Amino acid sequence: MSTANEQGSQLSTQSNSALYDCNTFNPERKNSRLYNEDLAPLQPEQRNWGWFAIFNVWSNDIQSLFGYTLAASLFLSYGLSGWWVMAAIICSGFIVMWMVNLTGKPSVKYGIPFPVLIRASMGINGANLPAILRAIIGIFWYGVQTYFASTAVAILLAIVIGSPDATFLGLNSTAWIAFVIVWVFQILLFWAGIEPIKHFLNWAGPLVYVVMVILMAVIWYQSGSELLPAINSIFASGSDYSGNAIQAFTAIVGTMVAYFAAVVINFGDFSRFLRSERDMRLGNLLGLPINMVFFSFIALVITAGTLVIFGEALTNPSDIVDRVDTLPLTIIAALTFFAATVGINMVANFIPPAYDLANLFPKHINFRMGGLITAVIAFFIGALWLSFISKIGIVGFVNAIGAVIAPFFGILIIDYYLIKRQHIDMNDLFSDQPTGAYYYYKGWNIRALIAFAIGAIFSIATVLIPALTKLEGYGFLLGAALGGIVYWVLMRPYAVDPNTIVE
């Protein structure tokens, strides 16, 4: 009880004192163990991203090989008309847009990444919990996506040097060369800094669209007049889904929202570079719901077209290009799929773990070192993916961890908007002194941990307990809501009085 009483007394003191928007960063905080230059708040002159950069963050995320395969699979899995599936995907785009506008706003205001922002709600030490969980997920999928990107490069190398039969760990020599090329390329791109990454995304995103439009045109031409009429009925047959149409629609929405979950939580890692909140909102609008309209239509036409032409649905773009069997298209598509997969790897799986690892030991690990650690661990994950990791069910384990991070969204949003009233003491985010606003109890907000535990237990149950598997598609949304509600109930007595805020 002394722990709770001690923390409650401190929270009460904080809530009754004036909170300042500390846009002037105290240089003395640079001596704190919580500080390094990569985690420090960016000044206005350091922020040069506009709406187009954010649009391309989402373009690379959506138009990846896995993103397309997921969307195409949703058309086939729920027994709905293709148009209704397309509507559900677009609906998810609006929901994700609303969520990232919420998580991105404080980082636009203060210029800080997610691991620093979450200190305000979890505590200066408690912030390491979401950081390490997010880093584990990012590192794992970074390795897996590196392998998938290498398959596109292997297609190009096979044209030139062939593809031998002998293999080691499931990969032949051509595949190994391709894997190392992609791994090194990503490290060099990351090491060049955030601006070259932005330029790469700005180039890769539009190029993916061009190739996907060409592929759609080829499929549409070969399908002829049968294509559009088939969209109404061709997906409704052959599905094993037992729920009704409303359940199917909401399940698709939940699955697509969950796909973006990791980026939703750490969106501040990107929004901190934006010039204004208006740029963020415009980039999110164009990059999510509007982008989803175009992307889902392409996926709809191509998936239906493969059913019409080949008599079976092909959900992997590489398989479709192989069936079309046009060498120039194969070369262009392989390069594009490589670029798209590297793009999403940077956005979702490389930059976030780099910040998260830097947050664990700011005085010893900077952004670049965090990225290098990510790359080294991910090399072994990617190298062992085909022969070992993909066969032992570890994906289920990582998906469970992904479900666990859902409550952090609810906690972050409730804390910033309802408890802190959109005002954070930026200097105290870097203070490890007991008098700091976010020290709580020995650096941990016990109430936030309770809210996290309750939400996480429910979220992971939707993945692991058979009786709840029908809720798995909604696991992220429900876990986030539950974590936020519990946090609000526990922290409401300590909410900041708006009358004490000094602008």
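The values are calculated or read from the model by the stated rules, or taken from the named source; none is laboratory data. Keep in mind it's a predicted model, so treat the numbers as computed, not measured. A quick note on method: Cβ atoms are made from the backbone with ideal geometry, for glycine too, and the neighbour counts reach across all protein chains shown. Accessible surface is based on the protein model in full, side chains and every heavy atom, while ligands, DNA and RNA are left aside. Shrake-Rupley method; radii C 1.70, N 1.55, O 1.52, S 1.80 Å.
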*Given the conditions (1) crowded, with 18+ Cβ neighbours inside 10 Å; (2) at pLDDT 95 or above, which single one is not true for PHE430?*
(2)
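Residues are listed down the side, and each one gets a yes or a no for (1) assigned to a helix (DSSP H, G or I); (2) under 15 Å from ILE139 (Cα atoms); (3) among the small types (Gly, Ala, Ser); (4) within 18 Å of the chain's Cα centre (by Cα):
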| residue | (1), (2), (3), (4) |
| --- | --- |
| ALA354 | yes, yes, yes, yes |
| HIS364 | no, no, no, no |
| ARG368 | yes, yes, no, no |
| ALA378 | yes, yes, yes, yes |
*Quick one: would you say THR303 is polar (S, T, N, Q) and modelled with pLDDT of 75 or more?*
yes
*Return yes when THR341 is open to solvent by less than 10 Å² (accessible area, probe 1.4 Å), over 26 Å from ILE381 (Cβ atoms) and of a type outside the set (Gly, Ala, Ser) and no when it is not.*
no
*From the set of residues in the stretch 195-229 that are of a type in the set (Phe, Trp, Tyr) and touching a Leu at 6+ places or on another chain (Cβ under 9 Å), which is surrounded by the fewest Cβ atoms within 10 Å (Cβ to Cβ)?*
TRP220
*Output the helices (runs of 4 or more DSSP H) that fall wholly within the stretch 96-194 and possess 3 or more residues being within 30 Å of GLN43 (Cα to Cα), touching a Phe, Trp or Tyr at 6+ places or on another chain (Cβ under 9 Å) and open to solvent by less than 10 Å² (accessible area, probe 1.4 Å), or say none.*
114-117, 119-122, 128-161
*Can you tell me which residues in the stretch 447-475 are open to solvent by less than 10 Å² (accessible area, probe 1.4 Å) and touching a residue at least 60 places away in the same chain (Cβ under 8 Å)?*
ALA448, GLY475
*Only one of (1) modelled with pLDDT under 90; (2) crowded, with 20+ Cβ neighbours inside 10 Å; (3) out of contact with any Phe, Trp or Tyr (no Cβ under 7 Å at 6 or more places or on another chain) fails for PHE409. Which number is that?*
(1)
*When residues of the stretch 264-323 are limited to those that are among the β-branched types (Val, Ile, Thr) and within 30 Å of TYR110 (Cα to Cα), the one most open to solvent (accessible area, probe 1.4 Å)*: ILE290
*asked:* So if I check each of GLY243, GLY254, which one is part of a loop (DSSP other than H, G, I, E, B) and in contact (Cβ under 8 Å) with a residue 24 or more places away in the chain?
replied: GLY243
_Being farther than 18 Å from ILE413 by Cβ, among the small types (Gly, Ala, Ser) and modelled with pLDDT under 90 is the filter here; which residues of the stretch 442-492 pass it?_
ALA461, ALA467, GLY473
*Here are PHE310, PHE294: which of them is under 22 Å from LEU76 (Cα atoms), without any contact (Cβ under 8 Å) to a residue 60 or more places away in the chain and of a type in the set (A, V, I, L, M, F, W, C)?*
PHE310
*Among the residues of the stretch 269-287, how many are in contact with a strand residue (DSSP E or B) (Cβ under 6 Å, 6 or more places away or on another chain) and either in a helix (DSSP H, G or I) or under 9 Å from TRP51 (Cα atoms) (or both)?*
2
*Residue that is modelled with the lowest pLDDT [pool: residues in the stretch 26-60 that are in a helix (DSSP H, G or I) and among the charged types (D, E, K, R)]*: GLU28
